[in-house]
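The values are calculated or read from the model by the stated rules, or taken from the named source; none is laboratory data. Predicted, not measured: the structure shown is a model, and the values here were computed from it. Cβ placement follows ideal geometry from the backbone for every residue including glycine, while neighbour counts extend to all protein chains displayed. Accessible surface is based on the protein model in full, side chains and every heavy atom, while ligands, DNA and RNA are left aside. Shrake-Rupley method; radii C 1.70, N 1.55, O 1.52, S 1.80 Å.
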Amino acid sequence: MALVTGCGGDDDEGAGPTTLNWFVAIQPGGTIEEVAARCSEESDGSYEVELELLPTEADQQREQLVRRLGAEDDSIDIVGMDVIWTAEFANAGWILPWSGEQAQQVTEDVFPSVIETASFEGDLYGAPFNSNTQVLFFRNDQVQEPPETWNDMIAEAVDQGGLIQVQANRYEGFVVWVNYLIESAGGEILSGPEEVSLEQEPTEEALSVIGELARSPAAPPNLSTSTEDTARLGFEAGDSTFMLNYTFAYFSAEENAPDIFENLAVGVLPQVVPNEPSTPPLGGFNLGVSAFSENPDLAFEAAACLSNADSQLTATELDGLPPTRQNLYQDQVVQDAFPGFADIIQRSIENASPRPLTPAYTDVSLAIQRALHPPSKIDPENPTPVYEELREAVEDAVNREGLL
Amino acid sequence: MEAASAPAPAPTGKVTERTLSERRLGWLLCAPAVIAMLLVTAYPIAYAIGLSLQDVDLRFPEEGGFVGLSNYEAVLTSGLWWTDVFNTLFVTVIAVSVELVLGMLIALVMHRAIFGRGVLRTSVLIPYGIVTVVAAFSWQFAFAPDTGFVNNLPLIDDEKAWFGDRFSAFAVIIMAEVWKTTPFMALLLLAGLTTIDDGLYEAARVDGASAVQRFFRITLPLMKPAILVALLFRTLDSFRIFDTIFIMTRGAQDTESVSILGFNQLVSRLNLGLGSAVSVLIFIAVLIIAFIFVRGFGVRMQEGRPGT
């Protein structure tokens with residue numbers, strides 16, 4: 001403490017800026033460093049944001065955070081939370097709710113779907129920092145228009161002798177795909193934090209799509225171990241017609257596979273049921289304030305700055321991360337970052353459906369992975385046995401019963 | 001030795017003053033180690049047993065309480081636990097058997113080498129010196145269908161997704177384990193090999209025994225204690241396999257081991273009660289393995305101590 005106050009310099013008060021620790025996933029473009037420095041400067045010496053950068057994998061970020069939060073570690077002030085952690089962290093009493101003017105300020109013009117991910121039991125627990133969603137990448141030298149439905153897409157790929165790249169390893173990315181399919185079919189996994197929905201008809205419709213792809217020649221040979229990265233590599237290798245992926249894949253193709261990039265086009269994810277708009281996945285980060293912070297008021301102030309419009313534009317410019325505020329999509333920075341497809345991203349986030357909002361999210365996610373992996377186990381003609389397995393597994397997970 | 005050299009006819013059952021003070025000194029000298037062991041092993045084990053009897057979930061701090069053996073019931077009645085026990089034993093038995101054969105061959109070569117003994121022994125040890133996680137990543141990259149070299153080798157399908165089905169995933173996992181720990185096995189066996197008196201071989205050769213006969217009649221019987229200790233160490237180690245599987249498949253395609261199951265409950269789900277029950281069961285399994293080796297096969301850890 002003596003050292004910190006000593007840094008105050010000439011001030012008679014002797015009080016230097018308060019250090020606030022921000023635990024957040026690393027962004028290779030330098031967004032985090034940039035916005036932390038800007039907000040510290042704008043605070044006029046009231047706080048200094050220090051960074052604790054977490055690994056890129058969501059599971060590993062969470063492992064590090066829950067270990068500290070579970071031990072009530074007061075060295076965390078601001079937490080960068082993946083959109084799926086809100087309910088868990090809030091229910092455990094690890095993060096503080098936002099209120100009043102600040103809550104209004106950080107949700108101004110934010111997509112309702114994103115606000116949903118930052119809320120638990122009617123309270124706001126996170127300031128939306130960046131959003132993310134998946135789009136359909138396709139080769140416009142093979143197909144003219146993005147396909148409307150999954151059936152069309154599989155048929156077109158088979159026709160072209162090309163592959164469809166998705167994420168179906170036994171990990172969180174698989175749940176992202178499954179949730180998008182079930183929601184797009186008109187169903188949902190949970191209807192409340194501890195209530196299983198999983199209506200039979202739409203769920204089986206979604207499961208059939210997975211089985212259909214897994215058993216078709218359009219499935220990549222490494223389907224059951226595919227991740228965002230293997231999908232990107234597979235698409236860049238040139239034998240794929242379609243790919244479901246986050247926006248980073250666009251920039252990756254531009255850099256690593258210029259030949260493929262020339263014919264790369266972007267569309268909205270296909271529908272499961274004809275004429276029912278698809279509900280794409282929703283990713284991104286919200287900023288929470290730790291319940292164990294010694295300076296919660298300052299932490300709220302800093303988190304509001306770190307997630308404001310300027311910060312979001314920095315994230316878009318440096319790291320290609322889509323903003324959470326709808327009005328920013330007209331901004332030149334966003335238009336330039338996503339040349340010709342900013343509106344597709346906006347529309348996708350607008351229609352997106354969050355993954356289940358429950359404190360037992362990890363259990364639900366593990367249960368889904370166990371019940372549906374490998375994808376080829378689903379018989380598209382008769383998905384009922386797997387449907388029943390899924391239902392039972394998710395029910396146990398919500399009740400936190402049994403091993404997972 | 002002390003017992004043997006002690007004066008034979010001690011006055012009926014009475015312990016001498018000197019023996020008593022020696023014993024006291026012995027305990028005193030042991031005390032720091034015993035206390036340290038209690039702190040770093042007994043306390044966590046007792047704590048884990050305590051947790052395993054409760055319903056503790058960090059995400060639901062309001063709920064919980066003492067639940068008796070119901071966590072154990074949940075684990076033992078779960079098909080998942082038994083699948084994972086089978087997987088773990090499968091990897092253990094195959095990996096340790098292969099390591100024993102390869103380790104013995106390497107130990108014999110190291111023992112017989114005349115030139116560059118030091119260099120040979122050091123280079124054999126290199127895989128054992130590599131961090132398991134790093135080794136697992138290296139092998140994972142080597143077997144990746146898009147970036148690895150393995151699929152470019154002759155006779156191997158270019159499109160083979162090694163981690164895509166159970167059998168081939170296990171094959172890679174076991175291979176990585178064998179590659180990593182065979183040197184350890186070889187080293188333990190080499191230690192046993194060096195204790196055999198060369199005179200025995202010479203006598204056998206004079207009597208006309210062939211190399212094979214010498215191996216099976218002299219080397220193997222005399223090495224039995226060393227082999228059993230090496231097997232015990234590696235079996236206990238292998239039963240707790242975690243890193244290699246965690247990196248390569250995270251337990252997908254039914255390759256999950258019991259340690260990964262415990263990790264999922266403890267670290268991913270934060271369900272400390274259920275997770276601790278899994279940990280305690282793994283601990284008991286390890287005790288059983290050690291017991292079987294010590295009692296069943298007669299492993300003697302303290303060779304040559306009187307009275308044992």
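Near B:Met104, within a Cβ-to-Cβ distance under 13 Å, what is the net charge of the other residues, with Lys and Arg +1 and Asp and Glu -1? Working shown, then result.
Numbers: positive: B:Arg112, B:Lys224, B:Arg234; negative: B:Glu99.
Summing Lys/Arg as +1 and Asp/Glu as -1 gives +2.
Once the piece of chain linking A:Glu50 and A:Arg67 is laid out straight, how much longer is it, given 0.36 nm per residue of separation minus the C-alpha distance between them? Could the numbers behind the result be given before it?
Values: separation 17, 0.36 × 17 = 6.12 nm, distance 1.97 nm.
Full extension of this stretch gives 4.1 nm more.
Report, in debye and to the nearest 20, how large the dipole of the range A:241-330 comes out about its Cα centre when Lys and Arg carry +1 and Asp and Glu carry -1 on their Cβ.
Dipole size: approximately 300 debye.
By how many nm would the segment from A:Asn151 to A:Glu201 lengthen if fully extended, with 0.36 nm per residue of separation less the alpha-carbon distance?
Answer, rounded to one decimal: 16.3 nm.
Give the long-range amide H neighbours of A:Glu52: residues separated by 5 or more places, or on another chain, with amide H under 5 Å away, using H modelled in the peptide plane at 1.01 Å from N.
When sequence neighbours closer than 5 places are left aside, the close amide H contacts are A:Trp22, A:Phe23, A:Val24.
Which residues does a label at A:Glu194 reach in the range B:52-70, if reach means a backbone N under 17 Å from a point 7 Å past the Cα toward the Cβ?
B:55-66
From largest accessible area down, sort A:Glu276, A:Glu381; use a 1.4 Å probe on the protein chains.
Values: A:Glu276 95, A:Glu381 155 Å².
Putting A:Glu276, A:Glu381 in descending order of accessible area: A:Glu381, A:Glu276.
Counting only residues 5 or more places away or on other chains, whose amide H sits under 5 Å from the amide H of A:Ser119 once H atoms are built in the peptide plane?
A:Tyr125
Give a residue-ordered list of calculated ³J(HN,Hα) values for the range A:124-132 (Karplus: 6.51 cos²θ - 1.76 cosθ + 1.60, θ = phi - 60°; whole Hz; x for Gly, Pro).
Karplus-based 3J(HN,Hα) across the range A:124-132 equals 8, 10, x, 8, x, 9, 8, 10, 7 Hz.
Taking only Cα atoms, what is the 0 to 90° angle, nearest 10, from helix A:361-372's long axis to the longest principal axis of chain A?
20
Provide the descending list of Cα extents for chain A along its principal axes, expressed in whole angstroms.
Each principal axis gives a Cα extent; for chain A these are 77, 50, 32 Å.
Please compute the Kirkwood hydrodynamic radius of chain B from all pairs of different C-alpha atoms, in Å with one decimal. Display every interim value, and only then the final one.
On the way: mean 1/r = 0.0427 Å⁻¹.
Evaluated on chain B, it is 23.4 Å.
Rounded to the nearest 500 deg cm²/dmol, what is the calculated helix-only ellipticity per residue at 222 nm for chain A, with -39500 (n - 2.57) per DSSP H run of length n ≥ 4?
-13000 deg cm²/dmol
Let me spell out the model: positive unit charges on the Cβ of Lys and Arg, negative unit charges on the Cβ of Asp and Glu, origin at the Cα centre of chain B. What dipole size does that give, in debye rounded to 20?
Numbers: 22 positive and 25 negative charges, 259 e Å.
The calculated dipole for chain B is roughly 1240 debye.
Which of the three applies to the range B:15-173, rounded, prolate or oblate, going by the alpha-carbon gyration tensor with a ≥ b ≥ c and a/c under 1.5 meaning rounded? All intermediate terms of the calculation are to be shown ahead of the outcome.
On the way: a/c = 2.80, a/b = 1.22, b/c = 2.29.
Verdict is oblate for the range B:15-173.
At what distance in nm do the modelled label points of A:Asp123 and B:Val101 sit from each other, each positioned 7 Å from its Cα along Cα→Cβ?
So the two model labels end up 6.3 nm from each other.
For a test of the definition: using alpha carbon positions, the gyration tensor, and the 1.5 limit on a/c, classify the range A:313-384 as rounded, prolate or oblate. Display every interim value, and only then the final one.
Values: a/c = 3.09, a/b = 2.21, b/c = 1.40.
Because a/c hits 1.5 or more and a/b exceeds b/c, the range A:313-384 counts as prolate.
Shape of the range A:247-383 from its Cα gyration tensor (a ≥ b ≥ c, root eigenvalues): rounded if a/c is under 1.5, otherwise prolate when a/b > b/c, or oblate? Please list the in-between numbers first.
Working: a/c = 2.06, a/b = 1.15, b/c = 1.79.
Taking the square roots of the gyration eigenvalues as a ≥ b ≥ c, the range A:247-383 is oblate.
From the backbone phi of the range A:385-396, what are the Karplus-calculated ³J(HN,Hα) couplings (6.51 cos²θ - 1.76 cosθ + 1.60, θ = phi - 60°) in whole Hz, Gly and Pro given as x?
My calculation for the range A:385-396 gives x, 5, 4, 5, 4, 4, 4, 4, 5, 5, 4, 4 Hz in order.
Any idea how far apart B:Asp157 and A:Ile26 come out in nm if each label point goes 7 Å out from Cα toward Cβ?
So the two model labels end up 3.7 nm from each other.
Please report, in debye to the nearest 20, how large the charge dipole of chain A is about its Cα centre when each Lys and Arg carries +1 at its beta carbon and each Asp and Glu carries -1 there.
Values: 15 positive and 71 negative charges, 221 e Å.
The dipole of chain A has a size of about 1060 debye.
Which percent of Cα-Cα pairs in the range A:184-338 sits in each 5 Å bin, short to long?
Spelled out bin by bin, the range A:184-338 gives 1, 7, 11, 13, 15, 15, 14, 12, 7, 3, 1, 0 percent.
Out of every Cα-Cα pair in the protein assembly as shown, what percent are more than 50 Å apart?
Values: 67026 of 253116 pairs.
Tail of P(r) above 50 Å: 26 percent of Cα pairs.
By a straight-distance test (C-alpha under 13 Å), which aspartates and glutamates pair with B:Lys180 as possible cross-link partners, with residues fewer than eight away in the same chain excluded?
B:Glu99, B:Asp237, B:Asp243
Calculate the length of the line joining the C-alpha centroid of the range A:238-302 to that of the range A:388-404, in whole Å.
29
How far apart, in nm, are two points set 7 Å out from the Cα along the Cα-to-Cβ line at B:Ile35 and at B:Glu63?
4.3
Taking H placed 1.01 Å from N in the peptide plane, check which residues at least 5 places from A:Thr18 or on another chain put their amide H under 5 Å from its amide H.
Here the answer is A:Tyr47, A:Glu48, since their amide H atoms fall under 5 Å of that of A:Thr18.
Karplus couplings for the range A:64-77 from phi (6.51 cos²θ - 1.76 cosθ + 1.60, θ = phi - 60°), rounded to Hz, Gly and Pro as x?
Each residue's phi maps through the Karplus curve to give 5, 5, 5, 4, 6, 5, x, 8, 6, 6, 8, 7, 9, 10 Hz.
Just to be sure I understand: with springs between alpha-carbon atoms less than 10 Å apart, which residue in A:Pro17, A:Pro281, A:Pro383 has the highest mean-square fluctuation in the Gaussian network model of chain A?
In the Gaussian network model the winner is A:Pro17.
Of the DSSP beta bridges with both residues in the protein assembly as shown, give the percent that are antiparallel, rounding to the nearest 5. Walk me through the numbers before you get to the answer.
Working: 30 of 44 bridges.
Here the share of antiparallel DSSP bridges comes out near 70 percent.
Hey, what did chain B get for relative contact order, percent, Cα under 8 Å, at least 6 apart?
Working: 314 pairs, mean separation 85.0, N = 308.
Once normalised by length, the contact order is 28 percent.
Among A:Phe338, B:Phe291, what's the order by accessible area (1.4 angstrom probe), most exposed first? Don't jump to the answer; show the numbers that get you there.
On the way: A:Phe338 0, B:Phe291 125 Å².
Listed by decreasing accessible area, they come as B:Phe291, A:Phe338.
Taking 0.36 nm per intervening residue step and subtracting the Cα-Cα distance, what contour gain separates B:Leu25 from B:Phe216 on full extension? Let's see the in-between values first.
Working: separation 191, 0.36 × 191 = 68.76 nm, distance 4.59 nm.
The span from B:Leu25 to B:Phe216 would gain 64.2 nm if fully extended.
What accessible area per residue, rounded to a whole number of Å², is obtained for the range A:224-324 using a probe radius of 1.4 Å?
Details: 3370 Å² over 101 residues.
Here the per-residue accessible area is 33 Å².
Roughly what angle does helix A:342-351 make with the longest principal axis of chain A, taking Cα atoms, 0 to 90 degrees, to the nearest 10?
90
If you bin every alpha carbon distance in the range A:149-226 into 5 Å steps from zero, what whole percent lands in each bin?
Taking every Cα pair in the range A:149-226, the percentages come to 3, 16, 22, 24, 18, 10, 5, 2, 1.
Which residue, B:Glu17, B:Glu99, B:Glu159, tops the fluctuation ranking in a GNM of chain B built on C-alpha contacts under 10 Å?
B:Glu17
Just to be sure I understand the rule: take each whole DSSP H helix in chain B, project its Cα atoms onto its long axis, keep it if the span is 15 Å or more and its mean Kyte-Doolittle hydropathy is at least 1.6. Which ones pass?
Values: long enough: B:17-37 (30 Å, 0.42); B:79-112 (49 Å, 1.49); B:117-129 (18 Å, 0.48); B:132-143 (16 Å, 1.36); B:166-194 (41 Å, 1.38); B:220-239 (27 Å, 1.30); B:272-291 (28 Å, 2.72).
The qualifying helices are B:272-291.
How far is helix A:172-184 tilted, in degrees, relative to the longest principal axis of the Cα atoms in chain A, given as a value from 0 to 90 rounded to the nearest 10?
70
Going by Cα centres, the range A:70-124 and the range A:320-365 are how many Å apart?
What the calculation gives is 18 Å, centre to centre.
For the range B:171-307, take the convex hull of the Cα atoms, compute a quarter of its surface area, and give me that in nm², please. Before the final figure, lay out the partial values.
Working: hull surface 46.8 nm².
Its average projected convex-hull area is 11.7 nm².
Provide a whole-number value for the mean count of partner chain Cβ atoms within 10 Å of the Cβ atoms in peptide A:358-370.
Working: counts 1, 3, 6, 1, 7, 8, 0, 2, 4, 0, 0, 3, 4.
If you average over the peptide's residues, the count of other-chain Cβ atoms is 3.
Across all directions of projection, what mean area in square nanometres is found for the Cα convex hull of the range B:90-216? Don't skip to the end; give the middle numbers.
Values: hull surface 41.7 nm².
So the Cα hull casts an average projection of 10.4 nm².
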